[in-house]
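Written out below as structure tokens is the structure these notes cover.
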Amino acid sequence: MCGIVGYIGNRQASPIIISGLRRLEYRGYDSAGVCVVDSEKLKINKKAGKVADLENGFDLMALKGTLGVGHTRWATHGVPNDVNAHPHTDMSGSIALIHNGIIENYLTIRKKLVNAGYTFRSETDSEVLAVFIGMLYDTIGDLETSVRTALSEVEGTFGIVVVSTYDPDLLIAARRGSPLILGVGTDEYIVASDAAAIIAHTRQVIYLQENEMAVVRRSGYVTKTIHNEETSGNIEEISFELDQIEKGGFPHFMLKEIYEQPITFRDGFRGRLRIDEGNVRLGGLSKVYEQLSTAKRIIITACGTSWHAALVGEYLIEQLARIPVEVEYASEFRYRNPIINPDDVVIAISQSGETADTLAAIREAKTRGATVLGMVNVVGSSIARETDAGVYIHAGPEIGVASTKAFTSQLCILTQFAVYLGRMRHLSADAGREIAQGLAEIPDHIQTILDQSESIRQIAQQYSGVSNFLYLGRGYNFPVALEGALKLKEISYIHAEGYPAAEMKHGPIALIDENMPVVFIAPKDEIYDKVRSNIEEVRARNGQVIAIASSRDSRISDAANHVIYIPETLPMLTPILASIPLQLLAYFVAVDRGCNVDMPRNLAKSVTVE
Ligand code: F6R
């Protein structure tokens with residue numbers, strides 16, 4: 001979702017801002033803009049479209065100035081056009097603001113400003129904030145105080161950066177509900193919504209906290225609350241390398257990330273698996289050991305792909321630890337007055353750690369007294385910080401909008417978590433050992449599947465022209481069917497649905513004809529024969545069957561039009577392996593249709609608005 005970059009220092013700001021915005025393109029956006037402060041005036045270029053469009057007919061690098069801001073906008077209030085793009089200015093054109101988030105009471109503030117004679121050019125809530133700060137400046141005469149006063153009246157969420165011709169040695173950044181990071185260089189500072197825009201310049205960063213602001217000059221900075229109380233502003237180190245956010249020879253980030261999975265999966269259990277003991281060590285959970293050992297119920301909350309991982313987690317935890325688990329869409333959770341008891345454990349799963357709905361759900365759970373845990377990828381993210389304890393999934397930066405490696409890493413952590421809980425209860429060391437051994441073998445199995453990518457590409461090409469797909473699976477692999485369908489629809493724009501295979505006869509079977517490809521996840525497990533019957537039902541209606549099957553299944557090719565084999569593993573680990581060919585299938589279908597795989601239309605990598 002929207003991206004923020006701000007720079008103050010002694011170098012020219014615009015090349016740093018533009019390269020930062022390019023690093024944030026993966027987050028999804030529909031317009032972009034840059035503003036550089038010349039001592040006399042603000043120089044702004046903003047446009048609907050991509051960062052590259054800003055450069056059409058305009059020499060961005062010719063913008064001269066060592067203080068500036070840049071923004072990529074994902075439209076919420078007002079269509080994506082040049083006027084609604086950020087930066088926005090106050091009415092005098094002296095103060096520029098970029099904003100992520102939503103100002104919920106913007107209509108009230110706007111009305112007040114209109115009554116006072118102020119006018120607006122855009123339809124955005126963000127311009128209202130810029131004009132409001134300008135109005136306050138007209139009476140207060142101090143930018144920092146004006147920003148703080150405006151923010152104290154704002155309801156909603158914001159990550160903002162403000163610069164002005166009034167003081168060309170001042171950059172102000174503030175956050176509530178939208179991430180902001182201050183990169184601390186030598187005599188220069190870069191503010192961004194994502195460390196990816198900072199790492200090329202410095203690894204030293206301060207993650208601004210809720211309701212915190214940074215007041216930055218070339219000579220130094222202070223961090224404080226938006227109520228003007230100084231804060232400690234701890235400097236931390238960015239935890240990834242620059243090459244991890246580059247394509248490394250792959251045509252798309254998504255393909256690179258699919259191929260990284262043997263490594264990222266291993267990173268998820270490295271130092272944690274204790275095969276000999278049949279157990280797992282999750283250091284991040286040691287401080288909630290007591291709560292976990294007495295937990296009566298677990299609620300897992302998440303969105304999208306992370307929610308699918310949570311569904312697999314439900315099966316795993318109930319099976320191995322015999323604790324009842326509920327999986328909740330984070331977006332629904334807080335609005336239905338959830339019943340939460342003090343001995344419930346609530347777990348938030350999130351790749352970005354910034355998803356607004358998930359963040360709101362954990363805040364709700366905390367208010368109601370639950371122990372709240374996080375399973376998060378992005379180090380230092382809001383969910384990681386606001387949970388009582390947690391486990392990082394260690395998938396590394398995920399740039400492709402469609403989540404791939406984060407999903408398998410989430411499954412890696414959830415499996416270990418289920419073993420960890422199970423071993424606190426009745427799960428035997430032998431059973432734990434078998435699962436730990438199975439997990440340790442997964443990276444090689446993933447590689448075996450990746451080695452079949454050419455044959456998966458050929459299958460994908462045969463079906464890239466269809467309009468609908470059905471994905472069916474049972475048990476542990478029902479969530480994988482949902483995930484396979486989501487992957488396909490989000491990057492190829494083909495309509496796809498996931499269903500529990502046995503539910504097919506209660507409705508979706510009506511859709512089946514010779515034009516309907518049906519992907520069955522059908523590994524050899526205790527319900528294989530049932531799934532096999534569902535395959536026959538599809539074949540009897542001339543549906544096209546693509547089966548994801550176990551390598552020892554010699555009979556499956558009689559029933560399926562295409563078979564993609566996955567190596568043998570424990571049934572509970574098959575979701576990890578089955579998801580790999582589905583990622584590749586979606587990827588190759590989308591590429592064949594000429595879709596922008598890494599930045600699908602309308603989608604954002606990190607959904608920081610409700
Ligand atoms: C799908 C996808 C989204 C995210 C969802 C939650 O490929 O990426 O469905 O899974 O927006 O995001 P996180 O995990 O960052 O909370």
Inset, instruction - Select from the range 487-498 the residues that are of a type in the set (A, V, I, L, M, F, W, C), surrounded by fewer than 23 Cβ atoms within 10 Å (Cβ to Cβ) and assigned to a helix (DSSP H, G or I) and list them in ascending order. - result: none
Legend entry - For GLU328: the one exception among (1) assigned to a strand (DSSP E or B); (2) open to solvent by less than 10 Å² (accessible area, probe 1.4 Å); (3) under 28 Å from GLY159 (Cα atoms): (2)
Legend entry - Selection within the range 220-233 - at positive phi and either surrounded by 17 or more Cβ atoms within 10 Å (Cβ to Cβ) or touching a residue at least 12 places away in the same chain (Cβ under 8 Å) (or both): ASN228, GLY233
Legend entry - Tally, over the range 341-374, of residues that are at negative phi, within 16 Å of the ligand (Cβ to nearest atom) and touching a strand residue (DSSP E or B) at 6+ places or on another chain (Cβ under 6 Å): 12
Legend entry - Count of the range 375-402 residues which are among the acidic types (Asp, Glu), part of a loop (DSSP other than H, G, I, E, B) and more than 13 Å from the ligand (Cβ to nearest atom): 1
Inset, instruction - Just give me the residues in the range 67-100 being in contact with a Gly (Cβ under 6 Å, 6 or more places away or on another chain) and open to solvent by less than 50 Å² (accessible area, probe 1.4 Å), in sequence order. - result: VAL69, HIS71, THR72, ASN84, ALA85, HIS86, PRO87, ASP90, ILE95, ASN100
Inset, instruction - Would you kindly identify the helices (runs of 4 or more DSSP H) lying entirely within the range 78-183 that contain at least 2 residues that are over 26 Å from GLU230 (Cα atoms)? - result: 106-115, 125-140
Inset, instruction - Kindly list the number of the only condition in (1) open to solvent by 60 Å² or more (accessible area, probe 1.4 Å); (2) farther than 21 Å from LEU450 by Cβ; (3) more than 16 Å from the ligand (Cβ to nearest atom); (4) free of Cβ contacts under 8 Å to residues at least 40 places away in the same chain that fails for ILE509. - result: (1)
Inset, instruction - Report, ordered by the first and then the second residue, all pairs with beta carbons closer than 9 Å, sequence separation of six or more or different chains, a first member in the range 442-456 that is over 17 Å from ASP592 (Cβ atoms), and a second member that is of a type in the set (D, E, K, R) and surrounded by fewer than 21 Cβ atoms within 10 Å (Cβ to Cβ). - result: ILE442/ARG266; PRO443/ARG266; HIS445/GLU568
Inset, instruction - Pull up the range 298-340, narrow it to residues that are more than 9 Å from the ligand (Cβ to nearest atom), touching a Phe, Trp or Tyr at 6+ places or on another chain (Cβ under 9 Å) and without any contact (Cβ under 8 Å) to a residue 40 or more places away in the chain, then point me to the one that is nearest to LEU285 (Cα to Cα). - result: VAL325
Legend entry - Test: MET375 is surrounded by 21 or more Cβ atoms within 10 Å (Cβ to Cβ) and not small (Gly, Ala, Ser): yes
Legend entry - Test: VAL346 is closer than 27 Å to SER193 by Cβ and at pLDDT 95 or above: yes
Legend entry - Verdict on THR186 being among the hydroxyl-bearing types (Ser, Thr, Tyr), more than 18 Å from SER382 (Cβ to Cβ) and part of a helix (DSSP H, G or I): no
Legend entry - Criterion violated by GLN437 - all others in (1) outside any helix (DSSP H, G or I); (2) surrounded by fewer than 16 Cβ atoms within 10 Å (Cβ to Cβ) satisfied: (1)
Legend entry - Pair list, Cβ < 6 Å and 6+ apart or interchain, from the range 475-503 residues that are under 20 Å from VAL591 (Cα atoms) to residues that are basic (Lys, Arg) and part of a helix (DSSP H, G or I): ALA496/LYS489
Legend entry - Test: residue in the range 243-255 that is touching a Pro at 6+ places or on another chain (Cβ under 8 Å), modelled with pLDDT under 95 and part of a helix (DSSP H, G or I): yes
Legend entry - Subset of the range 182-194 [open to solvent by 10 Å² or more (accessible area, probe 1.4 Å) and of a type in the set (A, V, I, L, M, F, W, C)]: VAL184
Inset, instruction - Please work out which one of (1) assigned to a loop (DSSP other than H, G, I, E, B); (2) under 17 Å from MET375 (Cα atoms) is the condition PRO338 fails and give its number. - result: (2)
Inset, instruction - Kindly provide the set of residues from the range 554-597 that are polar (S, T, N, Q) and open to solvent by 10 Å² or more (accessible area, probe 1.4 Å), ordered by number. - result: SER554, SER557, ASN561, THR569, ASN596
Legend entry - Count of residues meeting criterion [within 14 Å of GLY183 (Cβ to Cβ) and either within 20 Å of the chain's Cα centre (by Cα) or exposed (fewer than 15 other Cβ atoms within 10 Å of the Cβ) (or both)] in the range 201-219: 2
Inset, instruction - Kindly list, by first and then second residue, each pair from a residue in the range 1-25 that is free of Cβ contacts under 8 Å to residues at least 24 places away in the same chain to a residue that is outside any helix (DSSP H, G or I), limited to pairs with Cβ atoms under 7 Å and residues at least 6 apart or on different chains. - result: none
Inset, instruction - Output yes when any residue across the range 56-63 is touching a residue at least 12 places away in the same chain (Cβ under 8 Å), surrounded by fewer than 24 Cβ atoms within 10 Å (Cβ to Cβ) and under 24 Å from ALA402 (Cβ atoms), and no when none is. - result: no
Legend entry - Residue in the range 403-421 that is open to solvent by 10 Å² or more (accessible area, probe 1.4 Å), assigned by TED's automatic domain parsing to the domain that holds GLY304, part of a loop (DSSP other than H, G, I, E, B) and under 14 Å from SER306 (Cβ atoms) present: yes
Inset, instruction - Exactly one condition in (1) away from the ligand (no atom under 16 Å from the Cβ); (2) surrounded by fewer than 23 Cβ atoms within 10 Å (Cβ to Cβ); (3) assigned to a helix (DSSP H, G or I) is not met by GLU514; state its number. - result: (3)
Legend entry - Pairs, first in contact (Cβ under 8 Å) with a residue 60 or more places away in the chain in the range 134-158, second open to solvent by 40 Å² or more (accessible area, probe 1.4 Å), C-beta under 8 Å, six or more apart: ARG148/HIS227; ARG148/ASN228; LEU151/ARG176; SER152/HIS227; THR157/ARG176
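The values are calculated or read from the model by the stated rules, or taken from the named source; none is laboratory data. Computed from a prediction, not measured in an experiment: that's the story for all the values here. Cβ sites come from the backbone with ideal geometry, for glycine too, and all protein chains shown count toward neighbours. Each accessible area value is taken on the protein alone, full model and side chains, heavy atoms only, with ligands, DNA and RNA left out. Shrake-Rupley method; radii C 1.70, N 1.55, O 1.52, S 1.80 Å.
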